[in-house]
Amino acid sequence: ETTLDIQQIRQDFPVLHQEINGRPLVYFDNAATNQKPQSVINAITQYYEGYNANIHRGIHHLAEQATAAFEASRRAMQEFLNAKHWQEIIFTYGTTDGINLVAQTYGRRFLKEGDEIIISTMEHHSNIVPWQMLCEEKGCVLKVIPVNDQGELILEEYEKLLTERTKFVSCVHVSNSLGTINPIKTIIDKAHAVGALVLIDGAQASSHLEIDVQALDVDFYVLSAHKLYGPTGMGVLYGKKEILDSMPPYRGGGEMIKEVTFAKTTYNDIPYKFEAGTPNIADVIAVKSALDYMAGLGKENIAAHENDLLHYATEQLSELKGLRIVGQAAHKIGVISFVLDGIHHQDTGVILDQQGIAVRTGHHCTQPLMHRFGIAGTTRASFAVYNTRDEIDRLVQGLCRVQKMML
Ligand code: PMP
């Protein structure tokens, strides 16, 4: 059990205190996006109320204040990921945007026909489609690491895929559908041994696990703020400085240039080279509040509480007849995907919602993984720091009701 005062923590999240369909809300859709503490919400309104201004080019007071807050967020992210240089932190619109940036700049510039890119069976569509688009354009070949029945990557098969033709490996840190924590240090080291670069999709990992990009020696690491108790439509691409320096720019426009003439344009240094246009200033500023909030609780305390919920939920759900948990990896975060015999996941989701319980149903943007398990989708409950064992009891009762109504 946890040392955190969960009831106190719940007070920090205004959205939790409401009734849905006459019952207190149980929010178990945290893998899709988690809720925001008051301090994050305040950071956004304080910017718009107090110092809204465009950043970097202004010399007036508000512009300087906004720029300082924006760049303070970059330093906070640098610390959060333990990046060596602040220039290695690129603000994006999220994980999807970060992966597309790397595929469209590094990929288009440096990958050639016949080069091989390795991804895995458990990737989110955002770590599949950008590589397929690149393969279509450049004639690269996509290879896929298979998954075992527990929902873990089969590393011996990964090793067989690695050859001198492998130029890039892009793999998820934690599966959004199953909760599996992948052994990314091993994946990175083995890719480097054949000279391939590695991108890790940290969308699900970053609010649960410590991330140290230097210790991992990872080339690119991407995440989304909205899964970190922060705002939506905002994220980070970490990249090693010398690699980012070698890459062509992504979008053209303001901020990403040094000098523009009709004869020739020179590009700005990183990180600005990759940050064309007015960014999502308020939300970049607010992400620092989210990181401060998590640091205040302690990531290891958050993880310990979520682990307790995972074990309790696994135990309780396993008692239900006709329920099968999909993905039983030895190393998991607080995500449980399951199917109910004879009941469509959509019906499960609707009947739980009638009882005020928010879960996600469907393929979770991982259709190939669902195909691997021979299912169309699952019902997924995913936990955050503010969830409780009582709420898991509500889920179990809710599922009994689903079975009573549907069977
Ligand atoms: N990868 C994983 C593992 C995810 O869970 C998600 C979000 N569901 C994404 C990528 C995409 O993140 P975003 O929609 O914020 O770009």
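The values are calculated or read from the model by the stated rules, or taken from the named source; none is laboratory data. Since we're looking at a predicted model, the values are computed, not measured. Don't worry about glycine lacking a Cβ; one is built from the backbone with ideal geometry, like all the others, and counts go over all protein chains shown.
The residues listed here are ALA68, ALA103; of these, the one that is buried (at least 24 other Cβ atoms within 10 Å of the Cβ), without any contact (Cβ under 8 Å) to a residue 60 or more places away in the chain and of a type in the set (A, V, I, L, M, F, W, C) is ALA103. Looking at the stretch 107-147, which of the residues that are part of a loop (DSSP other than H, G, I, E, B) and among the β-branched types (Val, Ile, Thr) is farthest from SER170 (Cα to Cα)? Across the stretch 107-147, the extreme among qualifying residues is THR121. With respect to being in contact (Cβ under 8 Å) with a residue 60 or more places away in the chain and either under 22 Å from the mean Cα position of the chain (by Cα) or farther than 20 Å from GLN150 by Cα (or both), VAL350 falls outside the description.
Considering the conditions (1) polar (S, T, N, Q); (2) away from the ligand (no atom under 13 Å from the Cβ); (3) touching a residue at least 60 places away in the same chain (Cβ under 8 Å), SER126 is excluded by exactly one of them, (2).
Kindly establish whether LEU162 is free of Cβ contacts under 8 Å to residues at least 40 places away in the same chain and surrounded by fewer than 24 Cβ atoms within 10 Å (Cβ to Cβ). Answer is no for this residue.
In this structure, THR3 does not qualify as over 28 Å from HIS364 (Cα atoms) and either within 16 Å of the ligand (Cβ to nearest atom) or out of contact with any helix residue (DSSP H, G or I) (no Cβ under 7 Å at 6 or more places or on another chain) (or both).
The residue that is farthest from the ligand (Cβ to nearest atom), counting only those in the stretch 91-105 that are assigned to a helix (DSSP H, G or I) and out of contact with any helix residue (DSSP H, G or I) (no Cβ under 7 Å at 6 or more places or on another chain), is THR105.
Checked against the criterion of being modelled with pLDDT of 95 or more, within 16 Å of the ligand (Cβ to nearest atom) and within 29 Å of VAL385 (Cβ to Cβ), the stretch 153-169 contains one or more residues that satisfy it.
Being under 18 Å from the mean Cα position of the chain (by Cα) and under 30 Å from GLN132 (Cβ atoms) is true of ALA32.
For beta carbons closer than 9 Å, sequence separation of 6+ or different chains, a first residue in the stretch 393-405 that is without any contact (Cβ under 8 Å) to a residue 12 or more places away in the chain and in the same structural domain as PRO24 (by TED's automatic domain parsing) and a second that is polar (S, T, N, Q) and part of a helix (DSSP H, G or I), there are no qualifying pairs. Of all the residues that make up the stretch 249-275, how many are in a loop (DSSP other than H, G, I, E, B) and among the polar types (S, T, N, Q)? The qualifying residues number 2.
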